[in-house]
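The values are calculated or read from the model by the stated rules, or taken from the named source; none is laboratory data. The structure displayed is predicted, hence computed values, not measured ones. So basically every Cβ, Gly included, is an ideal-geometry build from the backbone, and we count neighbours across all protein chains shown. Just so you know, the surface numbers come from the protein's heavy atoms only, side chains and all, with ligands and any DNA or RNA stripped out. Shrake-Rupley method; radii C 1.70, N 1.55, O 1.52, S 1.80 Å.
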Amino acid sequence: MCAENVLLVKPLDEKDKNTKLVSFDVIVCATGFSYPTLLAKPGQSYESRKEEIATLTKSVLEGTGDIVVGGGGAVGVEIAGDLLEQIKKPRKVIIVSSTDRLVADLPEIYSKRVLTQLISMGAKVIFNTRVESHSETTVSGETPMSLTLRSGKTLKNVSAYVAGFSRGPNTAFLKDGVGLEDYDGAAPLPSGILDESGRVMVNSYLQSPAYPALFAMGAASNLDEPTLAPMVAAQAITVAANIVGATATTTHKPGPAKAPMYVLTGHHTYGTWIPESIPPGKFLFGMCGFPCNMLCPCFCLAALCGPMDPFMCGWCCGTPDGPGLPNTLMNVKEKNVFATSMGYTGVGKPSVTPVGKMSDMER
């Protein structure tokens, strides 16, 4: 809970009722968004998180019923693809989408590609409705359960329901300062900080016009940029420059990407680049497929000795899709390419790699 120049902090342990007031001159909201299952709940312990994933995994691998994925966006179709790579027929993966096509925020051609791929993998897709009976990821246990859709239809013999959609930004603590007036007379926050979707409305300095002591970035802000690591890193530099400079004078320059750069259906089977999100994408991807990409010494070396799959961009002069993209991403993950370069390590392991200075994407 937040009020003007003071933040009420609660312990992660729900049993600990002690709270603490933290005063501030400037506050940065970089709290991200809420994603059931995919992201740990705020305050969730590592042990609890491991148990949650183990229970879901057991239901997926050992259950006898179908698996329902709620959400037809990029995350939902990726989860569905992952599940289809693991389960065996006659079990089905059923995607329930509230829109009339998958990945509806992308051009329709990619919706058709993703739909065709998922159907070929054995998925069933239900459009223009949503799961009404369950809001959280749920496993059935030994006896399969039933799900009720908003359309009135019932899905029976379900082993697991996976909520694959965003619940919006974690900004509820900024809605008002109700309850903090008793703490040293803390005044409530002014109105007009959040938009209708709960994101912090920011100006070109990534600062709240309604409350100048507040900056926001990433999924917590209403900035029209996808929450990709390079984009968020550039936003962090803008915010830091304006805070250190005492007055907001550094204008944030939006990056080139306006949508996700790729969509996956599983981590081994299929992925497609979105050239429109990567200028000059159409020209670049039209020429860099296999075997033309092997004429580039850098790419050839990365394919022979590094994480790059030769078919990362598909065939030359063809569509930039296929198994090469997910294979490359898995190789990058297994080799910890991004994590190591940014100084991240596994849980409980200290970082031994210095974090390099990240440029503002030359912007």
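Scanning segment 136-162 for residues that are among the hydroxyl-bearing types (Ser, Thr, Tyr) and touching a residue at least 60 places away in the same chain (Cβ under 8 Å) yields Thr137, Ser140, Ser159, Tyr161. Does any residue of segment 106-129 turn out to be under 16 Å from Ser166 (Cβ atoms), touching a Gly at 6+ places or on another chain (Cβ under 9 Å) and assigned to a loop (DSSP other than H, G, I, E, B)? No, because not a single residue in segment 106-129 is under 16 Å from Ser166 (Cβ atoms), touching a Gly at 6+ places or on another chain (Cβ under 9 Å) and assigned to a loop (DSSP other than H, G, I, E, B). Counting only residues that are in a loop (DSSP other than H, G, I, E, B) and crowded, with 17+ Cβ neighbours inside 10 Å, segment 87-97 holds 4 of them. Taken as a whole, segment 78-86 holds no residue that is part of a loop (DSSP other than H, G, I, E, B), open to solvent by 60 Å² or more (accessible area, probe 1.4 Å) and modelled with pLDDT under 95. Quick check on segment 307-314. Is at least one of its residues open to solvent by 50 Å² or more (accessible area, probe 1.4 Å) and modelled with pLDDT under 80? Looking for residues that are open to solvent by 50 Å² or more (accessible area, probe 1.4 Å) and modelled with pLDDT under 80, one finds none in segment 307-314, hence no. Filtered by the rule that a residue be open to solvent by less than 30 Å² (accessible area, probe 1.4 Å), at pLDDT 75 or above and not small (Gly, Ala, Ser), segment 268-287 gives Tyr270, Thr272, Ile274, Pro275. Taken over segment 47-65, residues that are open to solvent by 50 Å² or more (accessible area, probe 1.4 Å) and hydrophobic (A, V, I, L, M, F, W, C) amount to 3. Taking the criterion of being under 19 Å from Tyr211 (Cβ atoms) and either touching a residue at least 40 places away in the same chain (Cβ under 8 Å) or basic (Lys, Arg) (or both), the residues of segment 8-34 that qualify are Leu8, Leu21, Phe24, Asp25, Val26, Ile27, Val28, Cys29, Ala30, Thr31.
Contact map, segment 35-62: residues that are at negative phi and in a helix (DSSP H, G or I) paired with residues that are open to solvent by 60 Å² or more (accessible area, probe 1.4 Å) and not acidic (Asp, Glu), Cβ distance under 7 Å, separation 6+ or inter-chain. Pairs shown: Tyr46/Val347; Val60/Gln86; Leu61/Gln86. Considering segment 205-231, the residues that are among the small types (Gly, Ala, Ser) and under 22 Å from Pro260 (Cα atoms) include one that is surrounded by the fewest Cβ atoms within 10 Å (Cβ to Cβ), namely Ala229. Consider segment 227-267 and keep the residues that are assigned to a loop (DSSP other than H, G, I, E, B) and touching a strand residue (DSSP E or B) at 6+ places or on another chain (Cβ under 7 Å). The one that is modelled with the lowest pLDDT is Ala248.
Selection of segment 6-46 for residues being among the aliphatic types (A, V, I, L, M) and open to solvent by 70 Å² or more (accessible area, probe 1.4 Å) yields Leu12, Leu38, Leu39. Scanning segment 315-329 for residues that are open to solvent by 30 Å² or more (accessible area, probe 1.4 Å) and more than 15 Å from Leu295 (Cα to Cα) turns up Gly318, Thr319, Asp321, Pro323, Asn327, Leu329. Among the residues of segment 123-150, those identified as small (Gly, Ala, Ser) and surrounded by fewer than 15 Cβ atoms within 10 Å (Cβ to Cβ) are Ser133, Ser135, Gly141, Ser146. Looking across segment 66-75, the residues that are open to solvent by 20 Å² or more (accessible area, probe 1.4 Å) and either basic (Lys, Arg) or outside any loop (DSSP other than H, G, I, E, B) (or both) come down to Ala74, Val75. Restrict the check to segment 63-83 and report whether at least one residue is over 19 Å from the mean Cα position of the chain (by Cα), under 19 Å from Met145 (Cα atoms) and free of Cβ contacts under 8 Å to residues at least 60 places away in the same chain. No - not one qualifying residue is present in segment 63-83.
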